[in-house]
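Asker: One structure coming up, written as structure tokens, with questions to follow.
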Amino acid sequence: MTITTIIGSIIEIILFSLPPLFVAKFVELFIVNATTEEFILWVMLFLLTITVQSILFYFMAIVNEYLAHRVTTDMTADLFTSLQNQTLQYHDNIRSGDIMARATGDTRILNIGLSPALRFLNQIVFAIIFTIGVLLYVNFKLSIILLFISPLYAYFIYTYAKKLGPYSDELQTDFSKVSIHAAESLSGIREIKSFNWESEDSKLFGKLSSNHSQSYMKFHIASAYFYPGLVIHLALALTTIFGVVLLINNELTFPELVIFLSMISHILWISGGLQWMSSILSRNKSSARRLMDMIFADNYEKQGVNIFDGKNASIEFKDVYFRYSETSNYVLTSINLRIESGETVAIVGGPGSGKSTLNKLILNLYKPTLGQVLIGGKEIQSYTNESIRSQISSIEQDIFLFSDTILANISFGNPEASFSEILDSAKIANVLEFVDKMAEKFETRIGERGVRLSGGQKQRIAIARALLLNPSILIMDDASSSLDAETEYNIQKAIQNVIKTRTSIIITHRLSILAEADRVIVLEKGQIVANGTHDNLLRNSIYYRRLFEEHYHLQPLEGGI
Amino acid sequence: MESSKIEFKEGELWQNIYQLLKLDSKRLYILIAIMVFNVAVSIVGPLSFKKALDQIEVTTDLKPFEYEIILYSSIYSFTIFIIFFIRLIQNIMIAKINTNLFHQLRIQAYDKVMQNKISFFDNVESGKIVSRLVNDSNELLDTGRRFADFFSQIIILIVLLGVMISFNPILTLGSIVIAPFTIIILLTMRDYQRSRSKNWQKNIAVVNSRFGEIMKSIAISKSFGREEENANQFNIINEQTYKASKERGRAIFIVGPIQDFLKHISILTLIIFSYYQLKVGIAMIYLFILLQAYFWGPISEISRNYSQFQSSLAALERILSIMSNESNREDHSGVVDGSNIEGNIRFNNVSFSYNETTEVLSNISFNLGVGETLALVGHTGAGKSTIVSLLIRFYDVNYGEILIDNTNINDFYLPSLRSSIGYVAQNTFIFKGTIRQNLKVARLDASDEEIWNAIDVVQAREFIENLPGNLNYEIQEEGTNISQGQRQMISLARVILADPRIIILDEFTSSLDLYTEAKIQNAISVVLKNRTSIVIAHRLTTIINADKILVLANGRIIEEGTHHQLITKNGIYSDIFNKYFEFQLKGLTPRVKI
């Protein structure tokens, strides 16, 4: 494939450079008053050449275009896979608008660079080499000019592309910023509208867009000074002058001069696109770098080789400290906690006390900054992520559903699940109740992030999604906050059996759940301040009592922790 | 995508480009003038060639003309340097025009899109909108140059034609006889090219949207071990895009070879014509061979530009269709100033559905006096959030009317209405930026002192003071580096800072623990005093003190009244209420009086 492509390209480029020679031949035929037969013969030859060239041209252009898109399509896929394997810490620091800008914007530039720009570069390089070859053969003395000027020409292009480098980088970075802003504002459209923030937001967008267009302008003004044709024009003028001198001294014939002038003019014509090509190639470099940066980012999730089978689903935190980045505060400090296999533990605490973070560590989404998290007695990092995550499932607080059908969203973690399994978990999570009322039932599309559903409906789908995995450890992070009492009650009853048969961690503020948990843990500013049964803590822990004091009459404090 | 139903004729698209270019019309005209001048100068080259060649031809002894020949060649060399400077000015001009054009288009499109109704954003994935606003406008980056090129090339062609005819009409005919075919081919190809380009861009938007969505929610995919399946699914749409790009490639790249072929054929016709015109002399024939190249240069340029223009036009069409669909636009026709309302709210027989099939609200009527608090109660999906969405005019009612101070809310100037309503949504959104910037969204001119006061009301001082930089703490995209409860506190503070007449609180404490909730509750009740408010909550403690309670089921009001009226009625409300306590109390006695 590639060999044929290269050979095809070379043949095409040679054919592409032939017409000037034909022109010179015709001029010669005119001068020597050739016979009609000879004339017709050359016309036919010319016709044949250009027909073959045009067909080859089309095929080569297409093959090149296909290859270019193949490359960028694969790069997009690589970027996708690579990003999926990066740690969450890495993801915390990149923004979705930026990712989108790279995934589609930078690949587009790379694309243009590979086709037609690269093909074009080939064409011009081969055309020059071929021309020099022919001219050397025709008249050595006269071709010296082009021979000397060609390196100058190459040097011009090289310095130009190099000079544009920093401008290209800036251009792409600014482009990302535009994309980031648009993506974020669209996510917050409701807030923007309810605060009449549209015009401020547009102003901000306008500023970013203006920055981007300014960089674009700088880039193009820098490239305006570049005129590769100048060198060729110079070659053409010098060749003319020198050629006439040689002609006068009878060292050159007129048709030979025509060959020189025609072939150099030919290069001049194809140089027209060179400026565009070099600027594209320079942008290519920065786009390729931006893509490579992400594709080869080595923040891959580290994982072990052990398979977690879920039989001993105990969880243990050993002196765990955690912070999201080196500059931020510790979110968890000195956490020591053991949860037995099959136990149900409820976690309570104020906003920012570290409840959700604790769960993310159990899912191995983040690695503890200090200390260890053990699952089934072994350090969590010693397991494969797949086995850990197929045995532990979580109903997250900030529910993220995909713009797909309800069915696809429930089977998200287990695409092979049978419909009856899906139906079972949908029943437990009370999803059936509202799905049945929908015209398209499970095939109903729920819009981006589930916009077409109420908060409670989203939560119920998330619960069904988690249950379908049939995990040995179930984490529910504030999973019922948007549910009304009755729905919650129904789900609670249905889920009871599910919870009883596995290790469960439930973040909640609902009294009913706290009272039924085997144990309650109170978090305060990243530390465990109380640990015991609901009744026990209600009698003894000031932290726990504080949660209820305002709302309920409590028995007087007994021990005090 | 519903918005893509709008189709544009090519003429309309050109008109739009022209409108955008007109913003920069001075530069555009200068540019065209420069481009024409550029070519005028570059024609001097071949003409001086002819002079030189004439000398070669008329005599076999060239010696006496040596200097003349070299002079003409030097004139040619000199013009090259002039061309260099002209080109420089020309390119700078192009850069400025291009820049202005796509920047203007992009901000206009952005402005327009942001004015669309919420239902538009419900139906169109944000990744696709971003793709139109950002990627598609990139396809237009070179439009200014192409446009100026297009016109100057046409002028050049006319000038050249004049020059050529003045030299020799028959050879001129030989040089251009093929040209009309080019135009025919361009015109037959354009619809095909544009539709392929459009299809390709549509595919890119899908890739963009999917990519963004997956990466935004990567934690979910990771915790469900979904990476491989994600990649498989993504590959399907990625490969579809590859297929679309191949189709587009075939359509766009057909023009180049055909152009080349026709150009070469036209050399042939010139040669054949010359064969019968040998008497004009070799110099003239060679001049025409040069002029033929000069003539076909612009023609290839025009056709290449024109077929690449189809790609730009496709992008422009996609942008225009998203920005010019007036039916998506929010209605800003109201003129009544809503910034000084009292706060009386009345719903009269309001019915509403998101789509035509299922009615979400039917026949909702209620009246809420100035300063009163209304609580909405009901199962999830009963229509509680929809009622408040209608009040803030995220959606417009299908039947009935909503009045504030006896004025239909559609009659208010929309921004002024919204400035009087503070809305804390169920899913709070925090902007990327500092905490201060997030709060200032409510009121740009708020002082730090006012900001801290609002923070105190929602009991958030402690957590903010613990953050590095306090108010200057940078919140990440979608607030991921603070907890959800903290996000709720910030969005609540934002509304308090806005100081609106009407406050809507939709599940505003759902992620907070009881202790924090209680603290906020007390402060909030002070804020709510004297303001009209609508509260949605599942924690009945919030509801008990409301002036009025509506119980909703399946989009209808099934009960209404105060807590006491409803409890004594022994209906659905008391049922919900009892279940709540039976379920929630677990032996504790609530402090609130039932």
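The values are calculated or read from the model by the stated rules, or taken from the named source; none is laboratory data. Predicted model only: the values in this text are computed from it and were never measured. Every residue, glycine among them, receives a Cβ derived from its backbone with ideal geometry; neighbour counts consider all protein chains shown.
Asker: State all residues of segment A:367-388 that are at pLDDT below 85 and either surrounded by fewer than 15 Cβ atoms within 10 Å (Cβ to Cβ) or in contact with a Lys or Arg (Cβ under 7 Å, 6 or more places away or on another chain) (or both); if no residue qualifies, say none.
Answerer: A:Glu386
Yes/no matrix, rows are residues, columns are (1) in a helix (DSSP H, G or I); (2) of a type in the set (Asp, Glu); (3) not assigned by TED's automatic domain parsing to the domain that holds A:His181:
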| site | (1), (2), (3) |
| --- | --- |
| A:Ile6 | yes, no, no |
| A:Glu12 | yes, yes, no |
| A:Ala24 | yes, no, no |
| A:Val43 | yes, no, no |
| A:Leu47 | yes, no, no |
| A:Ile62 | yes, no, no |
| A:Glu65 | yes, yes, no |
| A:His69 | yes, no, no |
| A:Thr81 | yes, no, yes |
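Asker: Let me ask something additional. May I ask you to say which residue of A:Ile99, A:Ile124 is more than 9 Å from every other protein chain (Cβ to nearest Cβ) and not small (Gly, Ala, Ser)?
Answerer: A:Ile124
Asker: Collect the residues in segment A:285-332 that are in contact with a helix residue (DSSP H, G or I) (Cβ under 7 Å, 6 or more places away or on another chain), within 12 Å of chain B (Cβ to nearest Cβ) and among the charged types (D, E, K, R), keeping them in residue-number order.
Answerer: A:Glu301
Asker: Just to be sure before I move on: is A:Val52 more than 10 Å from chain B (Cβ to nearest Cβ) and β-branched (Val, Ile, Thr) in the structure I sent?
Answerer: yes
Asker: Looking only at segment A:83-95, filter to residues that are in a helix (DSSP H, G or I) and out of contact with any His (no Cβ under 8 Å at 6 or more places or on another chain); which one of those is farthest from the other protein chains (Cβ to nearest Cβ)?
Answerer: A:Gln89
Asker: Hey, among B:Ser175, B:Ser166, which residue is touching a residue at least 40 places away in the same chain (Cβ under 8 Å), of a type in the set (Gly, Ala, Ser) and in a helix (DSSP H, G or I)?
Answerer: After applying the criteria, what remains is B:Ser175.
Asker: Also, I was wondering about something else. When you go through (1) touching a helix residue (DSSP H, G or I) at 6+ places or on another chain (Cβ under 7 Å); (2) assigned to a helix (DSSP H, G or I); (3) more than 7 Å from chain A (Cβ to nearest Cβ); (4) farther than 25 Å from B:Tyr515 by Cα one by one for B:Ala446, which number turns out not to apply?
Answerer: Going through the list (1) touching a helix residue (DSSP H, G or I) at 6+ places or on another chain (Cβ under 7 Å); (2) assigned to a helix (DSSP H, G or I); (3) more than 7 Å from chain A (Cβ to nearest Cβ); (4) farther than 25 Å from B:Tyr515 by Cα, B:Ala446 breaks only (2).
Asker: I would also like to ask the following. Consider B:Ser353 against the criteria (1) over 30 Å from B:Lys202 (Cβ atoms); (2) within 13 Å of chain A (Cβ to nearest Cβ); (3) crowded, with 16+ Cβ neighbours inside 10 Å: it satisfies all of them except one. Which criterion is unmet?
Answerer: Going through the list (1) over 30 Å from B:Lys202 (Cβ atoms); (2) within 13 Å of chain A (Cβ to nearest Cβ); (3) crowded, with 16+ Cβ neighbours inside 10 Å, B:Ser353 breaks only (1).
Asker: Here's another thing I want to ask about it. What is the one condition in (1) more than 8 Å from every other protein chain (Cβ to nearest Cβ); (2) without any contact (Cβ under 8 Å) to a residue 24 or more places away in the chain that B:Tyr515 does not satisfy?
Answerer: (1)
Asker: When only residues in segment B:277-292 that are surrounded by fewer than 18 Cβ atoms within 10 Å (Cβ to Cβ) and without any contact (Cβ under 8 Å) to a residue 24 or more places away in the chain count, which is farthest from the other protein chains (Cβ to nearest Cβ)?
Answerer: Only one residue fits best here, namely B:Lys279.
Asker: Let me ask something else about it. Could you check B:Ile271 against (1) touching a Phe, Trp or Tyr at 6+ places or on another chain (Cβ under 8 Å); (2) outside the structural domain of B:Ser195 (by TED's automatic domain parsing) and say which number it fails?
Answerer: Result: B:Ile271 passes all but (2).
Asker: Go through A:Ile112, A:Ile13, A:Ile6 for me and flag whichever is surrounded by fewer than 16 Cβ atoms within 10 Å (Cβ to Cβ) and either in contact (Cβ under 8 Å) with a residue 24 or more places away in the chain or more than 8 Å from every other protein chain (Cβ to nearest Cβ) (or both).
Answerer: That would be A:Ile6, the only listed residue that is surrounded by fewer than 16 Cβ atoms within 10 Å (Cβ to Cβ) and either in contact (Cβ under 8 Å) with a residue 24 or more places away in the chain or more than 8 Å from every other protein chain (Cβ to nearest Cβ) (or both).
Asker: Scan segment A:419-465 for residues that are more than 11 Å from chain B (Cβ to nearest Cβ) and either acidic (Asp, Glu) or assigned to a loop (DSSP other than H, G, I, E, B) (or both) and jot them down.
Answerer: Hits for segment A:419-465 are A:Glu421, A:Asp424, A:Ala429, A:Asp436, A:Glu443.
Asker: If you scan segment A:529-550, which residues turn out to be among the aliphatic types (A, V, I, L, M) and crowded, with 22+ Cβ neighbours inside 10 Å?
Answerer: A:Leu537, A:Leu538, A:Leu547
Asker: Which residues, counting only those in segment B:111-136, are in a helix (DSSP H, G or I), of a type in the set (Val, Ile, Thr) and more than 9 Å from the chain's Cα centre (by Cα)?
Answerer: Across segment B:111-136, the qualifying residue is only B:Ile118.
Asker: Please tell me if A:Ile94 is in contact with a helix residue (DSSP H, G or I) (Cβ under 6 Å, 6 or more places away or on another chain) and either of a type outside the set (D, E, K, R) or on the phi > 0 side of the Ramachandran plot (or both).
Answerer: Judged against the criteria, A:Ile94 is not a match.
Asker: Please go through segment B:244-259 and pick out each residue that is in contact (Cβ under 8 Å) with a residue 12 or more places away in the chain and either assigned to a helix (DSSP H, G or I) or not assigned by TED's automatic domain parsing to the domain that holds B:Ser175 (or both).
Answerer: B:Ala244, B:Ser245, B:Glu247, B:Arg248, B:Arg250, B:Ala251, B:Ile252, B:Val255, B:Gly256, B:Ile258, B:Gln259
Asker: Within the bounds of segment A:242-261, is there any residue that is under 28 Å from A:Thr159 (Cα atoms), within 9 Å of chain B (Cβ to nearest Cβ) and touching a Leu at 6+ places or on another chain (Cβ under 8 Å)?
Answerer: Within segment A:242-261 (the criterion being under 28 Å from A:Thr159 (Cα atoms), within 9 Å of chain B (Cβ to nearest Cβ) and touching a Leu at 6+ places or on another chain (Cβ under 8 Å)), the answer is yes, since at least one residue qualifies.
Asker: Please indicate, with yes or no, whether at least one residue in segment B:84-97 is free of Cβ contacts under 8 Å to residues at least 60 places away in the same chain, more than 10 Å from chain A (Cβ to nearest Cβ), surrounded by fewer than 23 Cβ atoms within 10 Å (Cβ to Cβ) and farther than 23 Å from B:Glu317 by Cβ.
Answerer: Yes, segment B:84-97 contains a residue that is free of Cβ contacts under 8 Å to residues at least 60 places away in the same chain, more than 10 Å from chain A (Cβ to nearest Cβ), surrounded by fewer than 23 Cβ atoms within 10 Å (Cβ to Cβ) and farther than 23 Å from B:Glu317 by Cβ.
Residues checked against (1) modelled with pLDDT of 75 or more; (2) in the same structural domain as B:Gln459 (by TED's automatic domain parsing):
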position: B:Ile475; (1), (2): yes, yes
position: B:Glu478; (1), (2): no, yes
position: B:Thr509; (1), (2): no, no
position: B:Val526; (1), (2): yes, no
position: B:Arg539; (1), (2): no, no
position: B:Asn545; (1), (2): yes, no
position: B:Asn554; (1), (2): yes, no
position: B:Gly561; (1), (2): yes, no
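Asker: Need the failing condition index for B:Ile576 against (1) under 40 Å from the mean Cα position of the chain (by Cα); (2) modelled with pLDDT of 75 or more; (3) at the interface with chain A (Cβ under 8 Å from one of its Cβ atoms), just the number.
Answerer: Failing condition for B:Ile576: (1).
Asker: Picking from B:Gly383, B:Gly343, which residue would you name as being among the small types (Gly, Ala, Ser), more than 14 Å from chain A (Cβ to nearest Cβ), in contact (Cβ under 8 Å) with a residue 60 or more places away in the chain and surrounded by 17 or more Cβ atoms within 10 Å (Cβ to Cβ)?
Answerer: Residue meeting the stated conditions: B:Gly343.
Asker: While we're here: Tally the residues that are crowded, with 19+ Cβ neighbours inside 10 Å, touching a residue at least 12 places away in the same chain (Cβ under 8 Å) and either facing chain B (nearest Cβ under 9 Å) or not in a helix (DSSP H, G or I) (or both), restricting the search to segment A:223-237.
Answerer: Qualifying residue count, segment A:223-237: 6.
Asker: While we're on this one: Only one of (1) surrounded by 18 or more Cβ atoms within 10 Å (Cβ to Cβ); (2) closer than 18 Å to B:Ile409 by Cβ fails for B:Phe295. Which number is that?
Answerer: (2)
Asker: Take the residues of segment A:16-44 that are under 26 Å from A:Val63 (Cβ atoms) and within 9 Å of chain B (Cβ to nearest Cβ): which is modelled with the lowest pLDDT?
Answerer: Across segment A:16-44, the extreme among qualifying residues is A:Phe16.
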